[in-house]
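Right, one structure below, let's go through it.
The values are calculated or read from the model by the stated rules, or taken from the named source; none is laboratory data. All of these numbers come straight from a predicted model, not from anything done at the bench. Here the Cβ is made from the backbone with ideal geometry for all residues, glycine too, and neighbour counts use every protein chain on show. Only protein heavy atoms, including side chains, enter the accessible area calculation; ligands, DNA and RNA are left aside. Shrake-Rupley method; radii C 1.70, N 1.55, O 1.52, S 1.80 Å.
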2 protein chains.
Amino acid sequence: MANTQGASTRGDGGALRCLKQVGLRPTRQRLALAGLLFGDSHRHVTAEALHAEAVDAGVRVSLATIYNTLHQFVKVGLLDEVVVDPGKSYFDTNTTEHHHFYHEDIGRLEDIPGSSVVLGRLPDPPAGKRIASVDVVIRVTGDR
Amino acid sequence: MANTQGASTRGDGGALRCLKQVGLRPTRQRLALAGLLFGDSHRHVTAEALHAEAVDAGVRVSLATIYNTLHQFVKVGLLDEVVVDPGKSYFDTNTTEHHHFYHEDIGRLEDIPGSSVVLGRLPDPPAGKRIASVDVVIRVTGDR
DNA sequence: CAATACATTAGAATCGTTCTAATTACCGAC
DNA sequence: GTCGGTAATTAGAACGATTCTAATGTATTG
Ligand SMILES: [Mn+2]
Ligand SMILES: [Mn+2]
Ligand SMILES: [Zn+2]
Ligand SMILES: [Zn+2]
């Protein structure tokens with residue numbers, strides 16, 4: 001479980017509670033971004049895409065702040081960072097353990113339903129190391 | 001199976017046969033790079049690292065050619081590209097199906113022995129898509 | 001040993017991201 | 001409410017990896 005606070009169902013002081021809970025000041029920008037990110041369903045966004053979306057929604061926020069905020073959200077556990085493409089990071093509002101389809105042709109990430117089990121047993125980590133995370137990415141492409 | 005030609009054990013016209021086999025002209029640069037890449041054991045290199053290694057070995061080759069060559073080698077199946085770090089690509093001389101430990105602290109990739117089985121069954125791909133590859137990355141970090 | 005197609009190159013350009021230094025906003029104390 | 005201190009935001013420069021461009025060099029074939 002995670003994101004138990006997940007910004008209820010619109011209208012929304014949920015973003016405020018969400019920020020309070022993780023000890024980040026509820027600034028105009030962070031409130032707006034939390035509002036965009038933590039709606040009803042989970043999302044996978046890039047920094048540029050979120051910036052475009054914010055600007056489009058009339059939120060005045062710089063790209064620098066988008067990056068600052070995304071990284072802060074990752075640090076406090078509100079987001080996960082997913083690496084599937086060299087040269088671009090995706091941020092994932094689903095912070096539970098799960099894996100991904102990556103649609104290479106269109107650059108879209110999609111959660112793999114947890115029910116379709118993927119992992120068998122894990123190998124032991126190299127001596128003196130501990131496992132930080134296990135990422136499974138199934139790359140898919142347009143039909144044939 | 002793959003890389004069945006794997007540049008024998010030094011001295012080496014192996015690189016030449018290797019290029020002939022995939023239909024790439026055996027230029028000075030490509031021969032040298034194939035020599036560096038396809039030795040006795042498998043390697044995971046970045047473009048910059050391979051360039052440094054080549055220059056260090058007295059091979060005169062530009063960074064542009066390193067990129068050209070790596071991508072050509074990927075296209076003909078001599079190399080795989082592995083994405084574990086936003087903003088940097090790794091190239092893998094092991095083109096058999098396998099998975100990786102990624103040592104986040106030092107930026108090193110390590111093959112997971114195929115014996116330590118990792119995958120259970122795979123989920124069905126989204127409708128109208130086919131699975132291009134399945135990447136498993138186990139991120140590990142320095143001890144405690 | 002042409003002629004031709006292919007390959008290499010230096011350097012500029014691009015892209016995503018991070019940094020810098022200046023401005024602005026939040027917030028607790030009064 | 002006002003103030004002061006600290007934290008946050010910002011524009012724009014800087015950065016690192018990669019790609020592109022257009023000029024030069026080299027393998028191949030006849
Ligand atoms: Mn990052
Ligand atoms: Mn590439
Ligand atoms: Zn996800
Ligand atoms: Zn490998």
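Can we say A:Lys129 is open to solvent by 50 Å² or more (accessible area, probe 1.4 Å) and either of a type in the set (Ser, Thr, Tyr) or within 7 Å of chain B (Cβ to nearest Cβ) (or both)?
No, not satisfied.
I'd like the full set of residues that are more than 12 Å from DNA strand D (Cβ to nearest atom) and either open to solvent by 60 Å² or more (accessible area, probe 1.4 Å) or within 12 Å of chain B (Cβ to nearest Cβ) (or both), limited to the range A:59-79.
none
Could you please let me know if A:Val118 is at pLDDT 95 or above and either open to solvent by 10 Å² or more (accessible area, probe 1.4 Å) or within 9 Å of chain B (Cβ to nearest Cβ) (or both)?
no
Filter the range B:86-109 down to the residues that are surrounded by fewer than 16 Cβ atoms within 10 Å (Cβ to Cβ) and touching a Pro at 6+ places or on another chain (Cβ under 9 Å) and list them by number.
B:Pro86, B:Gly87, B:Lys88, B:His98 - these are the residues of the range B:86-109 that are surrounded by fewer than 16 Cβ atoms within 10 Å (Cβ to Cβ) and touching a Pro at 6+ places or on another chain (Cβ under 9 Å).
Determine whether the range B:90-98 contains at least one residue that is under 27 Å from A:Ser115 (Cβ atoms), facing another protein chain (nearest Cβ under 7 Å) and out of contact with any Cys (no Cβ under 9 Å at 6 or more places or on another chain).
no
Find the residue count for the range B:69-84, including only residues that are within 9 Å of ligand 2 (Cβ to nearest atom) and touching a residue at least 12 places away in the same chain (Cβ under 8 Å).
Qualifying residue count for the region: 2.
What number of residues within the range B:38-51 are surrounded by 13 or more Cβ atoms within 10 Å (Cβ to Cβ), of a type outside the set (D, E, K, R) and either more than 14 Å from DNA strand C (Cβ to nearest atom) or in contact (Cβ under 8 Å) with a residue 60 or more places away in the chain (or both)?
Count: 7.
B:Val140: facing chain A (nearest Cβ under 7 Å), touching a Lys or Arg at 6+ places or on another chain (Cβ under 6 Å) and at pLDDT 95 or above, yes or no?
yes
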